[in-house]
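One structure below.
The values are calculated or read from the model by the stated rules, or taken from the named source; none is laboratory data. The shown structure was predicted, so the numbers you read here are calculated from the model rather than taken from an experiment. Ligands, DNA and RNA are stripped out before the accessible areas are found, and what is left, the full protein with its side chains, is counted by its heavy atoms. Shrake-Rupley method; radii C 1.70, N 1.55, O 1.52, S 1.80 Å.
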Amino acid sequence: PKEPSGSLSADSIKIKKEVANAFVKRQKRSSLYERYFEYYKNPMEQMHERCENYPPCDYLSDQIGFSLAYNRFFG
């Protein structure tokens with residue numbers, strides 16, 4: 001059934017559960033340990049992101065290395 005505006009109604013756009021499961025994958029539950037590391041980054045990764053988000057540090061890290069560049073700007 002079409003609505004007056006010419007678009008399909010929400011009731012006409014239904015598919016069977018088996019068909020939907022073929023292309024929509026549900027995320028499997030992970031352990032508490034895995035969920036913790038999805039939300040909290042380790043300190044080294046946080047340092048890398050901080051340096052990457054500051055252009056002078058990011059540029060210098062390509063030249064002399066990450067640790068020296070990070071210590072120079074945030075040391």
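Identify all residues within region 57-73 that are open to solvent by less than 60 Å² (accessible area, probe 1.4 Å) and in a helix (DSSP H, G or I); write none if there are none.
CYS57, ASP58, LEU60, SER61, PHE66, ALA69, TYR70
Among (1) open to solvent by less than 70 Å² (accessible area, probe 1.4 Å); (2) modelled with pLDDT of 95 or more, which single condition is SER31 missing?
Looking at each condition in turn, SER31 falls short on (2).
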